[in-house]
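Notes to accompany the following structure.
The values are calculated or read from the model by the stated rules, or taken from the named source; none is laboratory data. Everything numeric here is computed off the predicted structure, so don't read it as measured data. Cβ atoms come from the backbone with ideal geometry, glycine included; neighbour counts cover every protein chain shown. These accessible areas exclude ligands, DNA and RNA; they are computed on the full protein's heavy atoms, side chains included. Shrake-Rupley method; radii C 1.70, N 1.55, O 1.52, S 1.80 Å.
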Amino acid sequence: MDLQEVVASGVLEQRELLEQGVLSAQQLVEATLDGIDAAAELGAFTRVLRDEARAEATERDRERAAGGAVGPLHGIPIAIKDEFDVAGVVTTFGTRANSTPAVADAEVVRRLRAAGAVIVGKTAMPEFGQWPFTESSTFGVTRNPWDMTRSTGGSSGGSAAAVAAGLVPAALGGDGGGSIRIPSACCGLFGLKPQRGRVPNAPNEHLWWALGVAGPLTRGVLDAAIVYDVIRGNAPSDRFHASEPVMSFEAAARTAAQPLRIGYSMKPPTPLLVKTDPLQVRAVRDTAKLLAELGHTVFEIDPHYPNSTGAFFPQFFGGVRAEAAEVDHPGRLERRTKQTVALGAWARRPVVEWAIRQGGSLARKVDRIFTECDLLLTPTIAIRPPRLGVLDGTNTLSAQLASLPMVAYTALWNVTGNPAAALPVGVGDDGLPLSVQLVGPANGETTILTVAAQVEQARPQPRPDSARLPWHEQPDRRS
């Protein structure tokens, strides 16, 4: 058995090997830690929890040997974006301004552990997740495994790099304007932004108010569904509550898709200063053709998107200000973040609450899209994964302008709360992943998962060329 290949496999494959007793959690976690250390130049992790993960793996093996019931992620290594609390570890939010360790796990992390997952580390993000590029003055840049000179996108870029490089089978991310979908698109992964209220934010009151949600980044649809079934479900402190799905997410990913009406559009909801790359347009058209061949009724539509800017920016500025107000050392914040905080002085609670109500009104307006079609197909991002250093020398305004092509197709759905997923659909002529976005009606994750799994089966996504990745050059460890 090649442990490198096992580490680079998915949740389902690792679970089957652990259940069969072919390997132990200790072996899997040790090989995972070796791979993370060898791939340090990626910049995927801000903190590797070596001792804690080894102890947790030992306990998982003891629990399995005792013969009791085990969870669906028992012994599987998972990484956590550095905006979610892990007990005993500083939650950095991508900044050097925090120094106090969290006293307890965030609710999503608690649920992962309760399902048997082994937490192996915290992953990189731009400061407070402000940018769709994972670059920071504290932790440097995170590199794309497909091309080490390219960005992973952001803000869940460390999680995306870790999964795409085969270091972990799944990593937790957060999405406040596209931050699960954008790095998934850049790194050839599946990333579903769930319905607002699907996954708890506790102990935090919010992630950028109504904009932010949590979810996994994975290489495959079924892996994401398995993790979602572990972390979804309301907590008592949740402000927003999603309706119970018609079936489990895993069942949805395993269900044969029935013919649906799928509308597609290349028109971005944020058209100002945005030009969509021809490769991204071709990816949508090719996927539309494939969906038609798979039996769906597919047609081009004009969604007539409502303008979401007025609802997005109060929550963006208010969210960053709220997070910045909680840090231990405000003087250590990045210059851009200090500018964001100053520019957002107007984004106080009454303004933010007004913006949340505006988001509710916009959600009702986009509902009409889903009277014409069951799912909407669009590009995920407007441009190809950019070269590293996008944020070099920028202030908060120029960084926001640079971000527009990355968030043009994604941010609206954070304002309205609709589920939306980045789905990998091959590789472009430039050797980088292609991605499309599937958007569903409210509480439509199960429909998205069913169709995404169908597309994945019809057109499997290749992996980065491991021959070019230096951490795959270490000697094989066999057992």
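Give me the residue from region 202-233 that is of a type in the set (D, E, K, R) and under 14 Å from V168 (Cβ atoms) and, out of that set, most open to solvent (accessible area, probe 1.4 Å). Per the criteria, the residue is R219. Checked against the criterion of being part of a loop (DSSP other than H, G, I, E, B) and of a type in the set (D, E), region 301-320 has at least one qualifying residue. Inside region 106-121, can you point out the residues that are within 19 Å of S156 (Cα to Cα) and open to solvent by 30 Å² or more (accessible area, probe 1.4 Å)? Selection gives E107 alone.
Just one residue in the set T58, T32 is open to solvent by 40 Å² or more (accessible area, probe 1.4 Å) and in a helix (DSSP H, G or I); that residue is T58.
Residues of region 332-369 that are open to solvent by less than 70 Å² (accessible area, probe 1.4 Å) and touching a residue at least 60 places away in the same chain (Cβ under 8 Å): L333, E334, R336, T337, T340, V352, A355, I356, G359, A363, V366, I369.
Annotation: A242 fulfils all but one of (1) part of a loop (DSSP other than H, G, I, E, B); (2) touching a residue at least 40 places away in the same chain (Cβ under 8 Å); (3) open to solvent by 50 Å² or more (accessible area, probe 1.4 Å); (4) within 25 Å of L412 (Cβ to Cβ); the unmet one is (3). All of (1) touching a helix residue (DSSP H, G or I) at 6+ places or on another chain (Cβ under 7 Å); (2) under 26 Å from G157 (Cα atoms); (3) assigned to a helix (DSSP H, G or I); (4) open to solvent by 20 Å² or more (accessible area, probe 1.4 Å) hold for Q26 with one exception: (2). For region 384-409, which residues satisfy the criterion of being assigned to a loop (DSSP other than H, G, I, E, B) and open to solvent by 50 Å² or more (accessible area, probe 1.4 Å)? Across region 384-409, the qualifying residues are D392, G393, N395. Out of all the residues in region 62-70, is one or more open to solvent by less than 10 Å² (accessible area, probe 1.4 Å), more than 21 Å from the chain's Cα centre (by Cα) and at pLDDT 95 or above? Scanning region 62-70 turns up no residue that is open to solvent by less than 10 Å² (accessible area, probe 1.4 Å), more than 21 Å from the chain's Cα centre (by Cα) and at pLDDT 95 or above. Based on what the data block shows, is E52 closer than 16 Å to Q27 by Cβ, open to solvent by 60 Å² or more (accessible area, probe 1.4 Å) and either in a strand (DSSP E or B) or not basic (K, R) (or both)? No; evaluated as a whole, the condition is false for this residue.
Listed here are the strands (runs of 3 or more DSSP E) enclosed by region 83-177 that have at least 2 residues being over 23 Å from V29 (Cβ atoms) and in contact with a strand residue (DSSP E or B) (Cβ under 7 Å, 6 or more places away or on another chain): 147-151, 170-175.
Screening A164, A171, A124, A185 for residues that are touching a Cys at 6+ places or on another chain (Cβ under 6 Å) and surrounded by 24 or more Cβ atoms within 10 Å (Cβ to Cβ) leaves exactly one candidate, A164.
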